[in-house]
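The values are calculated or read from the model by the stated rules, or taken from the named source; none is laboratory data. Quick caveat, the model's predicted, so the values are computed rather than measured. Virtual Cβ from ideal backbone geometry, glycine too; neighbours counted across all protein chains shown.
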Amino acid sequence: MILSLAPMEGITGHVFRRVHAECFGKLDRYYTPFLTPPHVGSAFGGRARKEIDPAHNEGLDVVPQLLTKNADEFVWAAQLLADMGYTEVNLNLGCPSGTVVAKGRGSGFLRTPDELEAFLQDICARSCLPVSVKTRIGVVDDSEYERILELYCRCPLKELIVHPRVQKDRYQGTPRWQAYGETLSRASFPVAYNGDIFGVDDMEALLKAYPETRHVMLGRGLLTNPALACMVKGGPAATVRELQQFHDKLFCAYEEEIGGNAVFRMKEWWFYAQFAFVDPLAVHRAVRKARKVGEYKDAVGRIFSFVPLAKVARFQG
Ligand SMILES: Cc1cc2nc3c(=O)[nH]c(=O)nc-3n(C[C@H](O)[C@H](O)[C@H](O)COP(=O)(O)O)c2cc1C
């Protein structure tokens, strides 16, 4: 079973990947949060350059993810990534954000299946790297997926990662497992599952329903419970000491990256990590108020000393 870390803009970047691997062991694969390809002839710059810098990803199997509907830029970016040693490139067809969708990118591309198929056939033919896709199953209604799945089945994809929600769902409601099952039974390429695997019990239920599952991508579940991947493979839950060590390393690594106050970055992690504790609201309140590094360290010290861990760390959306 392949376990991978979901791309999550602002959270599962190179710093998080490295610190998590150091503290809880490597996952089998990681996907970068979406990157916008540079114009043809230009290099990746800014955040994207840091994200894909091989020095930041040493020893990890990382697949860069691109968000675009410009085939020439996709193909150009794939070449740059190949030159850096990457062996696969992923296309984001799932992002539900209004501004992205309005431009017909991310899950917005699912609105125009003919255009999407022409794009996919083109990039699969011209990209020097194999192309995988991470997709939702439609924009408004899951009945859209029949047409979308048909077109995927005609493309030579390296892999299709299915997050079985539609754009309008955002992250609400229950993932539609039957759309994943349908994909498993019809696709000739490998298929991965993503969505709401928050505990070992969810994984067991998925495997019971679809024993042929070979790759599961973990997102919010792993942010709340950094030991989730180990636990799925039979390992123990994280102790409070392990969680604190992970926190401390992550904070230091963000401070180093930012070159200053990383409290704001840590608050994004706490949005998920609060549910590892018995009283998430108390954790949320303690962290929310902190602005300066000293206040933040005091708040975190109190949390780790006085708020017990929940019996089961589980993201609550
Ligand atoms: C804050 C946030 C940022 C995300 N950024 C990306 C992204 O850059 N690329 C992408 O394909 N999906 C992105 N996602 C979606 C996740 O990869 C994943 O599909 C989603 O969280 C569902 O999986 P989960 O239930 O295991 O968390 C993001 C989700 C969240 C909540």
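Here is a check on your reading of the model: is G173 out of contact with any strand residue (DSSP E or B) (no Cβ under 7 Å at 6 or more places or on another chain), within 13 Å of the ligand (Cβ to nearest atom) and under 22 Å from K233 (Cβ atoms)?
It is false that G173 is out of contact with any strand residue (DSSP E or B) (no Cβ under 7 Å at 6 or more places or on another chain), within 13 Å of the ligand (Cβ to nearest atom) and under 22 Å from K233 (Cβ atoms).
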Q) If we keep just the residues of the range 99-113 that are within 16 Å of the ligand (Cβ to nearest atom) and of a type in the set (A, V, I, L, M, F, W, C), which is surrounded by the most Cβ atoms within 10 Å (Cβ to Cβ)? A) F109
Q: Would you check if there is a residue in the range 244-260 being over 14 Å from V19 (Cβ atoms) and buried (at least 18 other Cβ atoms within 10 Å of the Cβ)?
A: no
Q) Considering the range 77-96 alone, what residues qualify as being hydroxyl-bearing (S, T, Y) and buried (at least 16 other Cβ atoms within 10 Å of the Cβ)? A) Y86
Q.
If I ask for residues that are part of a loop (DSSP other than H, G, I, E, B), among the small types (G, A, S) and exposed (fewer than 15 other Cβ atoms within 10 Å of the Cβ), which ones from the range 301-317 would you list?
A. G317
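Output the helices (runs of 4 or more DSSP H) that fall wholly within the range 223-300 and possess 1 or more residues being at pLDDT 95 or above and among the basic types (K, R), or say none. Explain how you work it out, then say what you get.
Values: elements: 228-232, 240-258, 263-273, 280-289.
In the range 223-300, 240-258, 263-273, 280-289 are the helices (runs of 4 or more DSSP H) which contain 1 or more residues that are at pLDDT 95 or above and among the basic types (K, R).
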Q: Could you list all residues from the range 264-287 that are under 22 Å from the mean Cα position of the chain (by Cα) and over 22 Å from G199 (Cβ atoms)?
A: F264, R265, M266, K267
(Q) Looking at (1) away from the ligand (no atom under 16 Å from the Cβ); (2) assigned to a loop (DSSP other than H, G, I, E, B), which one does P96 not meet, given that it meets all the others? (A) (1)
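Yes or no, residue by residue, for (1) without any contact (Cβ under 8 Å) to a residue 60 or more places away in the chain; (2) in contact with a strand residue (DSSP E or B) (Cβ under 7 Å, 6 or more places away or on another chain); (3) over 21 Å from P33 (Cβ atoms); (4) more than 12 Å from the ligand (Cβ to nearest atom):
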site: G195; (1), (2), (3), (4): yes, no, no, no
site: E212; (1), (2), (3), (4): yes, no, yes, yes
site: T224; (1), (2), (3), (4): no, no, no, no
site: A229; (1), (2), (3), (4): no, yes, no, no
site: H247; (1), (2), (3), (4): yes, no, no, yes
site: G259; (1), (2), (3), (4): yes, no, no, yes
site: A262; (1), (2), (3), (4): yes, no, no, yes
site: W269; (1), (2), (3), (4): no, no, no, no
Q. Residues that are in the same structural domain as S127 (by TED's automatic domain parsing) and within 15 Å of the ligand (Cβ to nearest atom): which helices (runs of 4 or more DSSP H) entirely in the range 1-92 hold 3 or more of them?
A. 14-24, 46-52
